[in-house]
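The values are calculated or read from the model by the stated rules, or taken from the named source; none is laboratory data. Treat the numbers as computed from the prediction; the structure is a model and nothing was measured. Positions of Cβ are backbone-derived with ideal geometry, glycine not excepted, and every protein chain shown enters the neighbour counts. These area figures cover heavy atoms from the full protein model, side chains too; ligands, DNA and RNA do not enter into them. Shrake-Rupley method; radii C 1.70, N 1.55, O 1.52, S 1.80 Å.
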Amino acid sequence: MAQFPIQRMRRLREHPTMRRMTQETRLSPSDFIYPLFVTHGRNVKQEVSAMPGVHQISLDHLIHEVEEVAELGIPAVLLFGIPAKKDGVGTEAYETNGIVQEAIRVVKQASPETLVITDVCLCEYTDHGHCGIVAGGTVDNDQTLDLLGQMAVSHAEAGADIVAPSAMMDGQVGAIRAALDRAGFKNTSIMGYSAKYASGFYGPFRVAADSAPQFGDRRGYQMDSSNVRQAMREIEQDIEEGADMIMVKPALAYLDVISKAKERFDYPLAAYNVSGEYSMVKAAAENEWIDGQRVAMEILTAIKRAGADMVITYHAKEASGWLRANGRS
Ligand code: PBG
């Protein structure tokens, strides 16, 4: 390799067009998946505390949201529901007329080209706030699998394109694949939340989705943040059980996990730029401690550079707008 002064790295940086031409990672609206929180009622648009720009919305507002998302070139939304009632077994999670099932129909009607991804997990629907059935003071893995299967089928019946199990129950991808196939939904895809860590970064989401556990925490099923080799085993298992796409979550504190997963598995890889990551940027930007747009774009670029093919992010709409304004989308 040639050395200085023959080689001068700054030659590639001097001219803005040269910088653009030699960019190794380019963000585009097609990289993004936009999460949405849907709730019962009409004309509800309630901003989530700690997440400026993110709202719980009723189905009438959902129509406008989805049209905007499609117009910006964002290919998919990820739906979360706030149910009318919660109980021990999360009944509304798998009801034909549950809030998410209704929302799926609305999205498909408003914008057939937009892909609908649904979160398959019971924590928003149970009164105890855990991701499955609680028995003997713990979350019972195998009893929960049946309900996750039912939930996924109810989403597929309503028209979901991709179901995304996030409960971190062992065998959940296999159970859902079997349930979908039995019900005739052979072409409904599964995006596994394969390596999902027990994380402090989910704090604002739990307010948005009203899903904080009422006792204990999720460390008995979500991964320990110190582990990366275990994440590879989680992903491997999801693939063996039939996942079409895999995910690492959160993103920013887990770029090494994203990068390793990318090297190791030839499957579409999503990374979830979670609520707390978003809130930190917004809070610091509001204080004028950082330039919010610049930092958000730097973070999204880093997640893609690490290896994510898809980035689930609350910044999706604004980032797509910025890309368009800069003529780079
Ligand atoms: C449901 C779920 C959670 C998130 C996505 N799906 C919360 C949790 O596991 O506690 C977090 C997303 C975010 O923080 O943006 N289990």
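With the highest mean first, a sort of the peptides 107-116, 164-173 on other beta-carbon atoms found within 10 angstrom per residue produces 164-173, 107-116. For the stretch 284-329 versus the stretch 24-42, the spacing of their alpha-carbon centroids is 12 Å.
Rolling a 1.4 Å probe over the protein chains gives residue 37 an accessible area of about 0 Å².
With a sphere of radius 13 Å drawn around the Cβ of residue 60, what net charge do the other residues whose Cβ falls strictly inside it have (Lys, Arg +1; Asp, Glu -1)? Kindly include the intermediate steps, with their values, before the conclusion.
Working: positive: 42, 45; negative: 65, 67, 102.
Charge balance near residue 60 sits at -1.
Using helices alone, I'd like the mean residue ellipticity at 222 nm for the chain: each DSSP H run of four-plus residues gives -39500 (n - 2.57), total over residue count, nearest 500. Walk me through the numbers on the way to the answer.
Working: 11 runs with 127 residues, N = 329.
The per-residue figure over the chain is -12000 deg cm²/dmol.
Ordering of 60-71, 264-275 by packing is 264-275, 60-71, highest average first (other Cβ atoms within 10 Å, averaged per residue). Put simply, the amide H of residue 115, placed in the peptide plane, has neighbours under 5 Å in 76, 77, leaving out anything fewer than 5 places away on its chain.
Which entries in 86/108; 45/86; 86/304; 86/196; 45/304; 85/108 show an alpha-carbon gap greater than 28 Å? Where the Cα-Cα span goes over 28 Å, the pairs concerned are 86/304; 45/304. Assign one of three labels to the stretch 1-117, namely rounded, prolate or oblate, based on the Cα gyration tensor with a ≥ b ≥ c the square roots of its eigenvalues; rounded applies when a/c is under 1.5, prolate when it is not and a/b is larger than b/c, and oblate otherwise. Prolate. Beta bridges from DSSP with both residues in the chain: antiparallel share about 15 percent, rounded to the nearest 5. Take every pair of alpha-carbon atoms less than 8 Å apart whose residues are at least six positions apart; their mean separation over the length of the chain yields a relative contact order of 18 percent.
Let's see if you can work this out: charge +1 on each Lys and Arg Cβ, -1 on each Asp and Glu Cβ, no other charges. What is the dipole magnitude of the chain about its Cα centre, in debye to the nearest 20? Display every interim value, and only then the final one.
Working: 33 positive and 43 negative charges, 300 e Å.
Charge dipole, the chain, about its Cα centre: 1440 debye, nearest 20.
To the nearest 20 debye, what is the magnitude of the charge dipole of the stretch 186-329 about its Cα centre, counting +1 on the Cβ of each Lys and Arg and -1 on the Cβ of each Asp and Glu?
Working: 18 positive and 19 negative charges, 36 e Å.
Dipole magnitude for the stretch 186-329 comes out near 180 debye.
Multiplying the residue separation of residue 186 and residue 43 by 0.36 nm and removing their Cα-Cα distance gives an extension gain of 47.9 nm. Does the stretch 23-325 come out rounded, prolate or oblate, given a ≥ b ≥ c as the square roots of the eigenvalues of its C-alpha gyration tensor, rounded meaning a/c under 1.5 and, failing that, prolate meaning a/b above b/c? Rounded shape, in that the Cα axes give a/c under 1.5. Note on residue 20 and residue 97: the extension gain reaches 22.8 nm, defined as 0.36 nm multiplied by sequence separation minus the Cα-Cα distance.
Each residue of the stretch 45-52 was assigned a 3J(HN,Hα) from its phi angle through the Karplus curve 6.51 cos²θ - 1.76 cosθ + 1.60 (θ = phi - 60°); the sequence is 8, 10, 5, 7, 5, 6, 10, x Hz, with glycine and proline shown as x.
Fully extending the segment from residue 326 to residue 290 would add 11.0 nm, taking 0.36 nm per residue of separation and subtracting the current Cα-Cα distance. Between the listed residues 145, 187, 296, the Cα displaced farthest toward the positive end of the dipole of the chain, a dipole computed from Cβ unit charges relative to the Cα centre, is found at 296. What you get for the stretch 1-78, charging only the Cβ of Lys and Arg (+1) and of Asp and Glu (-1), is a dipole of about 760 debye around the Cα centre.
Taking the charge dipole of the chain about its Cα centre, with +1 at Lys and Arg Cβ atoms and -1 at Asp and Glu Cβ atoms, the residue from 81, 178, 200 reaching farthest to the positive side is 200. On the accessible surface of the stretch 23-325, probed at 1.4 Å, how many percent belong to carbon and sulfur atoms? Carbon and sulfur together cover 47 percent of it.
Keeping all protein chains in place, calculate the accessible area per residue for the stretch 219-329 (probe 1.4 angstrom), answer in Å².
Numbers: 5340 Å² over 111 residues.
Dividing the accessible area of the stretch 219-329 by its residue count gives 48 Å².
Sequentially through the stretch 18-28, phi angles give Karplus couplings (6.51, -1.76, 1.60; θ = phi - 60°) of 4, 4, 5, 5, 9, 4, 8, 10, 10, 7, 9 Hz, Gly and Pro residues having no value and appearing as x. 3J(HN,Hα) along the stretch 60-74: 5, 6, 4, 4, 5, 4, 5, 4, 5, 4, 5, 5, 6, x, 7 Hz, from the Karplus curve 6.51 cos²θ - 1.76 cosθ + 1.60 with θ = phi - 60°, whole Hz, x for Gly and Pro. Taking the charge dipole of the stretch 231-280 about its Cα centre, with +1 at Lys and Arg Cβ atoms and -1 at Asp and Glu Cβ atoms, the residue from 243, 232, 253 reaching farthest to the positive side is 253.
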